[in-house]
Every structure is written in structure tokens, then in C-alpha cells.
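Have a look at the structure below before the remarks.
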Amino acid sequence: MPHKFSPEGMERLLRPDRLGAVNPEEFLRSEGLKDGMIFADVGCGPGFFSAPAARIIGGKGVVYAIDTQDEMLSELKRREDAENIKAVKSEENSIPIEDGVSDFILLAYVLHEAESKAVFLKEVRRILKPGATLLLLDWEKRVEENGPPFEERLSREEALGFLKEAGFSIETISSFGESHYKISVRK
């Protein structure tokens with residue numbers, strides 16, 4: 001069974017160098033996040049991407065910061081008081097948000113943690129609007145000092161298989177820094 005990232009290490013998730021030289025706000029803009037959108041950060045942790053997304057979408061948009069761990073959501077709320085961020089406690093395969101509300105979903109380094117990846121992705125797909133984007137970031141399947149253990153990582157091919165099984169249409173696949181990949185899909 002895959003392990004979940006421990007809340008005890010959440011400060012590591014907030015380090016400015018977490019993704020190398022990537023600025024999360026610039027990154028999300030370059031991927032298509034815009035003013036007024038409904039954004040879901042599934043597996044948001046303490047908000048590395050949620051807070052920058054809130055600045056991008058502005059007062060007319062909403063950020064659903066979704067996590068299974070109370071500690072992560074508490075830290076997000078402690079650090080960010082933006083009115084357009086809604087912290088949502090979920091179960092892995094049950095997100096308490098209505099169908100088809102999100103214009104853009106980010107899954108950053110969480111798919112490898114899901115116990116039933118296809119079931120999890122189908123639940124994520126449920127809250128996405130038709131034609132909307134899901135962006136997946138995850139670790140390359142190789143042995144490294146940082147990140148999850150090798151045996152818990154998913155290769156790009158494995159991730160693509162789960163995404164296709166969940167009914168997504170693949171848009172783009174690329175490297176994201178030295179240790180990660182990025183896959184953009186549509187509902």
C-alpha cells in the first residue's frame with residue numbers, strides 16, 4: 001500500500017526551491033489558469049499551489065484546496081486567509097464537491113500515493129467540467145535521494161494508462177525539471 005506524505009514534513013512542501021527554479025504562480029499561468037476560473041488543487045497539502053492559484057483567479061474565481069489530512073488543511077488556513085480559497089476535507093475516493101464544477105484541476109505529486117489509482121482518477125474526473133484540463137505532476141520512476149521510494153513511483157506509461165482508464169483524453173506529456181514529468185489531459 002502506498003504511503004501518504006506525512007504532515008510532520010509539510011515544511012518541505014513549502015520550500016521555495018521545492019521545484020527548482022519554478023515559480024508556482026508563473027507556472028500555473030503558463031499552463032492556462034486564468035482570472036475567474038474554478039481551480040481544484042487535489043492533494044493540496046499546505047498550499048504550495050493553492051495560494052498562487054488564488055492570486056491568479058482573483059475574486060471571481062474559487063480555489064478548492066482539497067486534502068485528506070486535517071493537518072495540511074489547518075496549515076493552509078493558518079498561512080492563507082484569501083476569501084477565494086475553500087479548504088475541503090476529502091476521502092481519497094470521495095471528494096465532497098458537486099459534479100462538473102472545476103475548470104482546471106491540479107494533481108501535484110499525489111497519484112503515486114493513491115491506493116486505487118483508477119478509482120481515484122474517476123472521482124477527480126467527476127468534478128471536472130467537460131472539456132476542462134487536469135494537469136498531473138509526478139516523480140519520474142527512478143532511484144533518487146529525494147521523493148518517494150522507487151517502488152511507489154509511477155512511470156509515465158503507468159500514469160497514462162490510469163488516466164486513459166479513467167476516461168481522460170491525453171493532450172501533452174513532457175519532462176518537468178530533472179526528476180518529474182507533467183501530463184495534461186482533458187475530460
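Worth a mention:
- Restricting the stretch 174-186 to residues that are modelled with pLDDT of 95 or more and within 16 Å of the chain's Cα centre (by Cα), the residue that is most open to solvent (accessible area, probe 1.4 Å): Arg186
- Restricted to the stretch 72-84, and to residues there that are over 15 Å from the mean Cα position of the chain (by Cα) and touching a residue at least 24 places away in the same chain (Cβ under 8 Å), the residue that is nearest to Lys187 (Cα to Cα) is Asn84.
- Helices (runs of 4 or more DSSP H) (entirely within the stretch 18-83) containing at least 1 residues that are open to solvent by 30 Å² or more (accessible area, probe 1.4 Å) and more than 23 Å from Gly177 (Cβ to Cβ): 70-79
- Test for Val110: is it touching a Gly at 6+ places or on another chain (Cβ under 6 Å), closer than 26 Å to Gly61 by Cα and in contact (Cβ under 8 Å) with a residue 60 or more places away in the chain: yes
The values are calculated or read from the model by the stated rules, or taken from the named source; none is laboratory data. Computed from a prediction, not measured in an experiment: that's the story for all the values here. In this analysis, Cβ positions are derived from the backbone assuming ideal geometry, glycine residues included, and neighbour counts consider all displayed protein chains. We work out accessible area using only protein heavy atoms, side chains counted, and drop any ligands, DNA or RNA first. Shrake-Rupley method; radii C 1.70, N 1.55, O 1.52, S 1.80 Å.
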